Amino acid sequence: WNPHGGAGLPALGSGQWALFYPPNWLYLLLPSPAVLSWLLVAHHGFAAVGALLLGRRYGFTWLGALFSGVALLAAPYVVAHHSPLTTHSLFIGVALLAAPYVVAHTGEGHFMHVCAVAWTPWAFLAYERIRGGGRLSSVAVAATIGASFLAGHAQESYMLALILTACCAADIARAFHRCARREAVRMGGAWVLAGLATAGLVAVELIPNLVSLKLSVRFSGITAEDAGNAAASVSWVNLGQLFNPLFLGGPESYTGPGSFFWETLCYFGAVPLILAVVAVIA
């Protein structure tokens, strides 16, 4: 229970406290400001290493994989290009859907957002174990998605699970198409087990959250019109930020769509942009 907000409010049942996220247990032992700062740094590095390993898993050269890790570590926003529906493009799509990361949210002090999205490349690596028939693959998927959820911002883990499920459905459909029914059944069973294990892992946080949510104003939901006018809405004019991140103003002077600079920033750096254009042409 937290007595310091309003007339008091529950700490358990407010997911952003991330009480069950193991790295946060360091707060019990060390000064909070130092732990907060170094955990942010560590999650940047953790995400970068995951992207590097995922790139190698997809057949990138060491230089290409290293660059993808650096781009994820230091990019305010990751933008997906139009490409065939592959696991590679879906990984980029998760980064696009999750929200503007990573530097912009770090600058705003949005600790749990960065922690949650840092698990994205690791979840895709775990899913590759399911595709390859690896042992304990369901456990690996559950551990990575569960850790993302417990990090304190459920939207990222929700979209991560949604897109990985789409990946699995596409792989199962392809297996059936080439008459590999045993492989399709194996993958489907492994994914169901991963889902059940994930649900069991996050229940410790999810159930109190649902109980608390029913007592809040947010439980009534918002209309489709309200959702379309949400603070995170973007438009085509935001593409101007690809070339200049301050095209529509900075954090203190943003004049574009939506309400917040860090929620609408469409920029991932000049060098990645140039290389992406060269790659598409090549």
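Any idea which of ALA140, ALA147, ALA173, ALA116 is crowded, with 19+ Cβ neighbours inside 10 Å, without any contact (Cβ under 8 Å) to a residue 40 or more places away in the chain and among the aliphatic types (A, V, I, L, M)? Show your work before the answer.
On the way: ALA147 fails: without any contact (Cβ under 8 Å) to a residue 40 or more places away in the chain; ALA173 fails: crowded, with 19+ Cβ neighbours inside 10 Å; ALA116 fails: without any contact (Cβ under 8 Å) to a residue 40 or more places away in the chain.
The unique qualifying residue is ALA140.
Step by step: first the residues of the stretch 35-57, then only those that are in contact with a helix residue (DSSP H, G or I) (Cβ under 6 Å, 6 or more places away or on another chain) and small (Gly, Ala, Ser), then the one that is farthest from TYR21 (Cα to Cα). Which residue is that?
Residue satisfying both the conditions and the ranking: GLY55.
For GLY228, which of the numbered conditions (1) modelled with pLDDT under 70; (2) in contact with a Gly (Cβ under 9 Å, 6 or more places away or on another chain) fails to hold?
Unmet condition: (2).
What single numbered condition from (1) crowded, with 18+ Cβ neighbours inside 10 Å; (2) hydrophobic (A, V, I, L, M, F, W, C); (3) more than 22 Å from PHE149 (Cβ to Cβ) fails to hold for TRP38?
(1)
Quick one: which residue in GLY152, GLY188 is part of a loop (DSSP other than H, G, I, E, B) and open to solvent by less than 30 Å² (accessible area, probe 1.4 Å)? Steps first, answer last, please.
Details: GLY188 fails: part of a loop (DSSP other than H, G, I, E, B).
GLY152 is the lone residue from the list that is part of a loop (DSSP other than H, G, I, E, B) and open to solvent by less than 30 Å² (accessible area, probe 1.4 Å).
When you scan the stretch 256-282, how many residues do you find that are surrounded by 14 or more Cβ atoms within 10 Å (Cβ to Cβ), small (Gly, Ala, Ser) and either in a helix (DSSP H, G or I) or modelled with pLDDT of 85 or more (or both)? Spell out how you get there, then give the answer.
Pass one, the stretch 256-282, residues surrounded by 14 or more Cβ atoms within 10 Å (Cβ to Cβ): 256-258, 260-269, 272-273, 275-276.
Cutting the leftovers down to small (Gly, Ala, Ser) gives us 256, 258, 269, 276.
In the following step, the residues that additionally are either in a helix (DSSP H, G or I) or modelled with pLDDT of 85 or more (or both) were identified as 256, 276.
Selection size over the stretch 256-282: 2.
Kindly indicate whether any position in the stretch 239-255 is of a type in the set (Gly, Ala, Ser), open to solvent by less than 80 Å² (accessible area, probe 1.4 Å) and at pLDDT below 80. Quick ask: steps written out before the conclusion?
First, pick out the residues of the stretch 239-255 that are of a type in the set (Gly, Ala, Ser): 240, 249-250, 253.
Narrowing the set further to residues that are open to solvent by less than 80 Å² (accessible area, probe 1.4 Å) leaves 240, 249-250, 253.
Next, from what is left, pick out any that are at pLDDT below 80: none.
Among the residues of the stretch 239-255, not one is of a type in the set (Gly, Ala, Ser), open to solvent by less than 80 Å² (accessible area, probe 1.4 Å) and at pLDDT below 80, which makes the answer no.
The values are calculated or read from the model by the stated rules, or taken from the named source; none is laboratory data. The structure presented is a predicted model; accordingly, all values stated were derived computationally and were not measured. With ideal geometry, Cβ positions are generated from the backbone for all residues, glycine too; neighbour counts draw on all protein chains shown. Note: areas computed on protein heavy atoms with side chains; ligands, DNA, RNA excluded. Shrake-Rupley method; radii C 1.70, N 1.55, O 1.52, S 1.80 Å.
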